[in-house]
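To start, the structure under review is shown below, and the notes come after it.
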Amino acid sequence: MDNTAQVRPRRAERISKRIPISLVVKTDGKESRRAGSTLDVSKAGLRVQTIRPLYQGQAVYLLPTKGEASSGYYRVVWVRQTAESTPPEAGLQMLN
C-alpha cells in the first residue's frame, strides 16, 4: 500500500521575501503592536515570524515598515513553533 500523501497545488505562488512588519493585534479588548517579518509572500497571504505567538482565527492588521507588503486586515490560518528557542511563525490570509 502506498503511504505517500497527496500534495494539493497552492492557490498562489509563494515568493521567499523578508520584509519587516508591524502587526496590530487585539487581545482582551486591548490593541497592541507586535514586530515581525515576512518569510514568504503570495497574492493570497503571508507567512510571518513574530516575537510573540499569534492564535489561529485571530484577526490582525498588518503595517509594513517598508513599502513592500500590502497593509490591511489578515486572518491567522495556522501557527507553528518548531522549538522553544525559535520564533513562532503564522500563516496569514488576506481579508481585504
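The values are calculated or read from the model by the stated rules, or taken from the named source; none is laboratory data. In this text, all values refer to a predicted model and were calculated from it rather than measured experimentally. Backbone-built Cβ (ideal geometry, glycine too); neighbour counts: all protein chains shown. To get the accessible areas, we keep the full protein, side chains included, count just its heavy atoms, and leave off ligands, DNA and RNA. Shrake-Rupley method; radii C 1.70, N 1.55, O 1.52, S 1.80 Å.
Summary of computed values
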item: Per residue accessible area of the range 21-96, 1.4 Å probe, in Å²; result: 59 Å²
item: Largest-first ordering by accessible area, 1.4 Å probe, given options LYS30, LYS66; result: LYS30, LYS66
item: Cut-off under 5 Å, modelled amide H: who pairs with LYS17 long-range; result: ASP40, VAL41
item: Inter-label distance, nm, simple model (7 Å from Cα along the C-beta direction), ARG18/SER42; result: 2.2 nm
item: Accessible-area ranking of GLU84, GLU89, largest first, probe 1.4 Å; result: GLU84, GLU89
item: Length released on extending from VAL79 to GLN93, taking residue separation times 0.36 nm less the Cα-Cα span; result: 3.8 nm
